[in-house]
Every structure is written in structure tokens, then in C-alpha cells.
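Step one of this worksheet: look at the structure below.
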Amino acid sequence: MIKVLGSAFLLSTNNTSYAMRVLPTGQLEHLYYGQRIEADKEEDLLVLSEKHAFPLGNQIAYDEESSYSLENMRLEYSGYGKGDFREPLVELVFPDHTFTTDFLFDYATYNKEKKPLHTLPSSHGECDHLYIRLKERNHDVDLILDYYIYEEDVITRTTKIINHMKEDLIVERAMSLCLDFEDDQFEFITFNGGWADEMHKHIHNLSSAKIVNASCMGTSSSRAQNFVMLSRFAKEDEGEVYGFNLIYSGNHKEVVEVSSTHKTRIVTGINNEQFSYCLKSEEVFEAPEAIMGYSYAGFNGLSNIFHRFVNEHIIKKEWAYKERPILINSWEAMYFNVNEKRILSLAKEASEMGIELFVLDDGWFKGRADDTRGLGDWEVDRKKLPKGLDHLSRKIHKMGMKFGIWVEPEMTNENSDYYREHPDWVIKIDGQMQSLGRHQYVIDLSNDEVVDDMISRMTALFSSCQIDYVKWDMNRVMSDVFSTCRKGEVFHRYICGLYRMMDTLTLRFPHILFEGCASGGNRFDLGILCYFPQIWASDNTDSWCRFDIQNSYSYGYPQSTFTNHVSGVPNHQTLRVTPLALRFHVAAFGLLGYEVNLLDLSKKEKEDIKQQIIIYKKQRALFQFGNMYRIDMGWMAVDEKRSHAVGMLFKPINELSKKTVVFKCKGLDPLKRYHFYNQKMTFDIKEMGSLINTASPIHIKQGSLSHRVISKFVHLQGEEENYYASGSLLMNAGVFLKQGFSATGFNEDVRFDPDFFSRLYFIEESAL
Ligand code: GLA
């Protein structure tokens, strides 16, 4: 809802409000963002404006009549040169070489239209739209601020710069969002990491210095995730949290700065380092759309808001809430060593287990014996697959499975026909030693001809046989950056080229389920999610690490956007051995896949996987789209009606002193009654080691043949939990679970919980 009250604007969602007004001097003063407020008159909102009678000490007075110093105001945007020394929203260099900007209010209007951007992806769906035009006082340049107000407690912003001058305008910075708070009582939360080590949550205390979260590697990157939060020292379920994200897949920057008067500013947008854009006469520069959300119900409250927003307003309509298949991926099962026989045996085993999609990962195309060659030549390798992809796809479909392939359309190896034909189509500096990543070059998507050509190649490939799924990988970041376009434009033009390619191909092949990937989560962002509904979250499939990685993604992204695979042990990234049950329980919260040579598994493991698949299929809607909550050492997913839920408990270490475990539910209806029960499990008796002798009439040597034989026939029965209670009890008090294992007295009423213990609990509305 938008209210225009004199010179003030009040934007409200169901539970939040955002207010601003035009200052007598023409700038836009930010008045408020937080819990919903009501106001019907301009005077009401003026209560929220800064009251200044004079600028402090050596602050710059904006003009001689007013008492404003821009440095000490909360502003909706800021430039450089008129006394505000904080991080600006825009920086421009005019043809007269001046670089002071002074944008003043000119015009505002509002409607119910969600306008798409022309060069970048953006959110979609029903919302209110406030359009504000500002004009630069001394040059014919417009700054357009668009605000989109989504009922579900999200407000988005875009910034546009329009050059009405005859000469070129140099845009040195065009950020998307600038938000000022009156105080500095916040923690700034960022998610940083690296390859196979994504999404470490970092809590930064604000101080007078700037805190910068940024990427300059050409991708949004695993080093610094676009999603950040400002929290007023909130907890999971209480306290005020502001969340910010950016619909952009390239270099980005989020800066939090505390001013000399202890005001906090956050600025988000394209990283202005290595950025400088030449805007010709009458051209428009569009900055990416920025997302803001606010909750007073803690981090889970904010996550719920962002989850809903991403599912409803970012993911393409045809894929939002569409259940995704359980897949088997060939990568960790066979790496580059793929051939028809091996693929079909794995596919057969997978289909017998109930798996629904076979994904042929890297290694299937011409000359791809290892990662030094082949990228760019998107034709099947006839030595490995003599009868071609079409034949393979038919065979797999005959088994009742869908068929998908891996591609890396943005890359080429020097050892490829593509590179030999088009050595000038890659990002590099001719005549200099090039630093490569994974032996490959990034192709130059800032060049339209290269984009058009790759669209044709991918179109030919995707139409060559029945392909239901595509994993779109991007395995290196940028170095030696140089192109035919201006230096400061390469990174941004690359991303625009990428988006054009993704847009064209997803529209051309709407039935294909596309999955993004960039060495795992090196480009996990809303830009990718506007085209591809899901992303491979990390190359790290170790369930212990993965728990943290997925847990962190869940702060800003719904679990339907991240794919997780159950892989083999010892884990290929960490050599850690974790139970199959934990690997499944972690992978199940999101989009489930398997990435292991199923043929090599034991009979018991195969049986367990079949059971996992049955459970997942039964609860798929919950696992993929349920409202997800982080609970103490675990997760819960609850359906919209709050009548079904699934919970997961994970304890990495068996601690004898912490044996009273209470499972506290979240998200249920306090007034409803529920049946709470667990996934009944059996365990391999070998896991008890020599303790078997406390029950066996004859001595069994650990690891001996007799030990192994007994384990085939005798299984440990896991504990059973079975209760009926109200939602209020389950949430406020919780279920006191059975006693955990501790040396003595093991029986079926004891929870078998060695290290890496995990369990699933089901909670269903009940009349009992
Ligand atoms: C990247 C991906 C992996 C796999 C390999 C194939 O590392 O993240 O999942 O597809 O490429 O080369």
C-alpha cells in the first residue's frame, strides 16, 4: 500500500512500513523502516523527520538558508560533493569534468505495475509501485528511484540513471539501495567462504569503520554472498532483523558504515571497483534490483519472509512450487570415465531404487578425457557414447527415468576446436602470460556475437534429444580481464550477456529443469534464480559440513532452491565417514539427489536408500516447499495449513552429559493437536563393536567372520517415539525424547546415538 501525504510517502506491507519525504531543499529524507505504522496526515510522518537547527561544527551546510548538513541526515540516496561523506549511491563524472552531484526531487507517481528491467532480471508479481524522478541541479541527468511494495513484507528498489545530455556521461558508481538508520545498534551479518566451504556466517559488530562485503571475481561468489542482514542483536525467533539481497550474479558490494554522528548506512549494489560505464546520450543505466525485508520475529521470521518472496516473486511461475525429481548424478560415481555401459548400469540400479532422473555430468562430450580439454565442443564423444546422446536418452527414458546433462557454456579449454576456431572470443590479454583457472578460459559474453553463437550451440544440443534437465556449470572466476568494450564495463556487460543467454534458452526450452552451478555455490544468487529454479549449493557433500552450509543458505533462500546429494564414504572432499542416515537427513531438506556408485553399495545400504526414497517421495512437498525453521540442532518444515510437519535432529558428537534431549517444534498451530512420532530405524550390530559380547552367549571377535555373519541377520532396533500433544505443548515445552546411549542398559527404549547421530520426526494433525 502506498500513501502520499503531502511531501511524504508511506509504503506499507502487511507487517512493515517504510517512510520518506521530500526535504524543503529537494533531497529525499528517509524517515522510517520497521514494524508497520499508521499515519493519515503529513504532520504525523513529520514526527519522524530529523530536527536540526544548525550544522554541527565543521559539517558542510547544504545551503545558507537551510539548517541541513547532508552528512547528518538519513537519506534515500546520496551522491558525492555536497557534504555527505558516507558511501554514496551514485558517482558520476560529467562532460565538464566535474563530479559533484546534486539530485533534487522532480516528480513522483504510483501504480500497481511491476516493471521489468530491460538488461537485468527482476522480481515479478502483484505489488504497488512508487516511481520517483530526481533531476541533477546542474546537468541534464535524471536519477529514477523505483520502489516495489510486496504485501508479504518485502520492498524492492531499483536505481536508474538517464543521460539527457548530448555528451557522454561516465557512471563511476550506480548502487541499488541506500538505507540510513538513526543509530548504530546493530550487528552486520555476512556469509563468506570459498570453494566447497561456502556460507560461513559472520557476525560483525559495528564500529566507526566501514565493513565491506564484496566480490570482484566476476561472479557473485562463494567468498561473499549477496544476502546480508542487519540485526538489532536478534535471536532465531525474536528481535528485529533487516535482510538485504541483490538480483545480480556479478561483482557486488554491501557496505555498512557508521557515521560521525553514529548513524548507520547500508549501501548495496554493483561493486564500483573495476566499474566505470560510459552512458551515451539518451541511454539508461539500470542498476540491479535490491531486496529489503524486515521482521521483528528474529532470523526465522526474516527467513520465512524471504523464502516466500523467492518462491513467489523470483522463481519463474512455471517452476515455483513444482515438485522436483530425485536424481542420480554420475560425477562422484565415475568422474570423466563415462561410457554407455557404465551409465546404463548405474541408471538401471537407480531406477530400481525409485530414482527419477539420471544426470550425466561432465565427461560426455568430444575429447573430454580430463579437465584440460574439450570445453566448448558441445558434441557427444563418439568413443565413449558411439550411439550418441539420443540413443542414451531413449534408453534411460525406457527405464522410466528422465534424462539430464551437464554443460559449461561459459567456458572453453585451449585444447578444443572452439578455441582453435575462435581464440579471440575469450577473456584474455593478448601477448601476456595468462593465469587460468581449472585449465580453462572464460568466453567473452560481453561480446554479443559470442553470446549469439553460444545460444545457437546450446539450442542445437538441447534439441538433439529428449533432455529434461540441464546442469549449467561455471567453474572458474575471472583473471586477465580484457575485452573489446571499455575496461570498466566488461564485468557488467558479461553478466548482461549471460542473462540474455539464460533468458533466451529458458524461454526456448521451458520444459527443461535448469540447475545452476559454479564449482558449487560460487554463483548462488537471485539473478541465477530468476532463470534457474535451483542451484547446486556446494561441491562439499560431507553431511557434517553440509549441515552448516545449508543451514546458512536457509537464512535467505528457501530450501527448494538448493540441491543436495547423498554421496559415498569416505567423503570425496573431506575423507570423513558419516552414516548414510545423516547423509540422507541433511540432503532431504531441499532437493534430493544421489551422487555415488550405487552398484558398489552393500545390500543393506541399497535397502536403506530405497526406504529413504519412499520417505522422501511421501513427504516431498514438505521437504521441498514446507515453511522451514531452524531449531536447536536441526530443522523443521511445516506445511501451509500447519497440519503436517517433518523435523530433523542432528548431534555431531555424543556427549554423555547432554543426554536429556528435548525436541522443541516450531511453526505449528498452538491450538491444534498433533501426533508426534519418529522414523523407526534399524542399525548394524557391528556399530556396537565388542559390546556385542554383553548379549552373546559365545565370544565374538570384533570384525571376525562370525561378527559379520551375525550382523547380516541380527539388527539393532532403534527407539520408538510416539506421542499425542497440543501444538502449544510441542512448541513451548517440547518433547522429551528417549534416553540416549551411554555405556549401560541399552535396549529398544534407548536412543542409539553415536557421533553423527540424526533422526527424522513426523508431526501430523490428529483428532486424538
Ligand atoms: C564442478 C561441479 C561439480 C561437477 C564438476 C564437473 O566442480 O561443481 O558438481 O559437475 O564441475 O567437472
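The values are calculated or read from the model by the stated rules, or taken from the named source; none is laboratory data. Bear in mind that the values here come from a model prediction, so they are computed numbers and not experimental data. Note: ideal-geometry Cβ built from the backbone for every residue, glycine included; neighbour counts use all protein chains shown. Please note that ligands, DNA and RNA were not included when accessible areas were found on the heavy atoms of the full protein model with its side chains. Shrake-Rupley method; radii C 1.70, N 1.55, O 1.52, S 1.80 Å.
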Exercise for the section: Give, to the nearest whole percent, the P(r) tail of the range 327-628 beyond 25 angstrom, counting all Cα pairs. Expected result: 49
Practice task
Under 1.5 on a/c is rounded, so check that first for the range 444-554, then, if it is not, pick prolate when a/b is larger than b/c and oblate when it is not; a ≥ b ≥ c are the square roots of the alpha carbon gyration tensor eigenvalues.
Solution key: oblate
Fill in the blank from the handout: Sequence order, the range 495-510: Karplus ³J(HN,Hα) from phi using 6.51 cos²θ - 1.76 cosθ + 1.60, θ = phi - 60°, Hz rounded, Gly and Pro as x, gives 5, 5, x, 4, 4, 5, 5, 5, 4, 4, 6, 6, 6, 6, 10, x
Practice task
Any aspartates and glutamates with Cα under 19 Å of the LYS366 Cα? List them, leaving off those in the same chain fewer than 8 positions away.
Solution key: GLU340, ASP377, GLU379, ASP381, ASP390, GLU408, GLU410, GLU414, ASP417, GLU421, ASP453, ASP473
Practice task
Using packing as a proxy for protection, rank 599-607, 633-641 so that the peptide with the highest average count of other Cβ atoms within 10 Å comes first.
Solution key: 633-641, 599-607
Exercise for the section: Among DSSP beta bridges whose residues both lie in the range 327-628, state the antiparallel percentage, nearest 5. Expected result: 20
Exercise for the section: Report the relative contact order of the range 613-768, percent, no decimals, based on alpha-carbon pairs under 8 angstrom and at least 6 residues apart. Expected result: 33
Handout entry: Signed unit charges on C-beta, dipole axis of the chain, positive-most listed residue LEU23, ALA733, ALA39
Key = ALA733
Fill in the blank from the handout: Whole-Å distance linking the alpha carbon centroid of the range 351-366 with that of the range 394-432 is 18
Handout entry: Modelled label reach - LYS383, point 7 Å along Cα→Cβ, the range 351-366 residues with backbone N closer than 11 Å
Key = 366
Practice task
Find, among the trypsin sites (Lys or Arg not before Pro) in the range 69-136, those assigned to loop by DSSP (not H, G, I, E, B) with at most 15 other beta-carbon atoms within 10 angstrom.
Solution key: LYS112
Handout entry: 5 angstrom amide H check on THR682, placed H, neighbours 5+ away
Key = GLY718
Handout entry: Rounded, prolate or oblate (a/c below 1.5 giving rounded, otherwise prolate when a/b exceeds b/c) for the range 2-313 by Cα gyration tensor
Key = rounded
Practice task
Among the GluC sites (Glu not before Pro) in the range 29-73, which ones are in a DSSP loop with at most 14 other Cβ atoms within 10 Å of the Cβ? Mind listing them?
Solution key: GLU38, GLU64, GLU65
Completion exercise
For the chain, dividing by residue count, accessible area per residue (probe 1.4 Å) in Å² works out to 38
Exercise for the section: Report, by chain and number, residues whose modeled amide H sits under 5 Å from the one on LEU104, excluding near sequence neighbours (fewer than 5 apart, same chain). Expected result: LYS135, GLU136, ARG137
Completion exercise
Quick calc, HIS699 & TYR335: beta-carbon distance into FRET formula, R0 41 Å, rounding 0.05, result 0.40
Fill in the blank from the handout: For the range 558-569, Karplus-derived ³J(HN,Hα) couplings (6.51, -1.76, 1.60; θ = phi - 60°; whole Hz; x for glycine and proline) come out as x, 5, 6, 9, 10, 9, 9, 10, 7, 10, x, 10
Exercise for the section: Check the straight Cα-Cα distances from LYS115 and name the lysines below 28 Å, setting aside those fewer than 8 residues away within the same chain. Expected result: LYS3, LYS135, LYS160, LYS166, LYS253, LYS280, LYS316, LYS317, LYS322
Handout entry: Relative contact order %, the chain, counting alpha carbon pairs below 8 Å whose residues are six or more apart
Key = 9
Completion exercise
For the chain, the accessible surface attributable to carbon and sulfur atoms (probe 1.4 angstrom, ligands and nucleic acids excluded) amounts in percent to 52
Handout entry: Neighbourhood charge, 13 Å Cβ-Cβ cut-off, centred on ILE700 and excluding it, Lys, Arg +1 and Asp, Glu -1
Key = +3
Completion exercise
With the charge dipole of the chain built from beta-carbon charges (+1 for Lys and Arg, -1 for Asp and Glu) about the Cα centre, the Cα from LEU279, PRO533, SER67 projecting farthest to the positive end belongs to PRO533
Problem - the range 387-400 - phi-based ³J(HN,Hα) in whole Hz, Karplus 6.51/-1.76/1.60, Gly and Pro as x - result: 8, x, 6, 4, 4, 5, 4, 4, 4, 5, 4, 4, 6, x
Handout entry: Assigned charges on the beta-carbon of Lys, Arg, Asp, Glu; the range 20-133 dipole about Cα centre (debye)
Key = 380
Handout entry: Violating pairs (Cα-Cα greater than 19 angstrom) within the set LYS348/LYS606; LYS618/LYS641; LYS618/LYS664; LYS606/LYS712; LYS471/LYS617; LYS235/LYS664
Key = LYS618/LYS664; LYS471/LYS617
Exercise for the section: Using Cα centres only, tell me the gap between the range 297-347 and the range 615-650 in whole Å. Expected result: 16
Fill in the blank from the handout: Magnitude of the Cβ-charge dipole (Lys and Arg +1, Asp and Glu -1) of the chain about the Cα centre, nearest 20 debye, reported as 3420
Completion exercise
Taking the alpha-carbon centre of each part, the distance from the range 452-491 to the range 157-194 in Å is 28
Exercise for the section: Please say if the chain is rounded, prolate or oblate, where rounded means a/c under 1.5 for a ≥ b ≥ c the square roots of the C-alpha gyration tensor eigenvalues, and otherwise the choice is prolate for a/b larger than b/c and oblate otherwise? Expected result: oblate
Problem - the chain, helix-only ellipticity at 222 nm - DSSP H runs n ≥ 4, -39,500 (n - 2.57), divided by all residues, nearest 500 - result: -5500 deg cm²/dmol
Exercise for the section: Pull up the cross-link candidates among the aspartates and glutamates for LYS603, meaning alpha carbon to alpha carbon under 14 Å and not fewer than 8 places away within one chain. Expected result: GLU349, GLU352, ASP684
Practice task
Output the relative contact order of the range 327-628, whole-number percent, from Cα pairs under 8 angstrom with separation of 6+ residues.
Solution key: 17
Fill in the blank from the handout: Given unit charges at Cβ for Lys, Arg (+) and Asp, Glu (-), the dipole magnitude of the range 623-768 about its Cα centre in debye, nearest 20, is 180
Completion exercise
Among LEU145, CYS545, THR412, the residue whose Cα sits farthest towards the positive end of the charge dipole of the chain, when +1 is placed on the Cβ of each Lys and Arg and -1 on the Cβ of each Asp and Glu, is CYS545
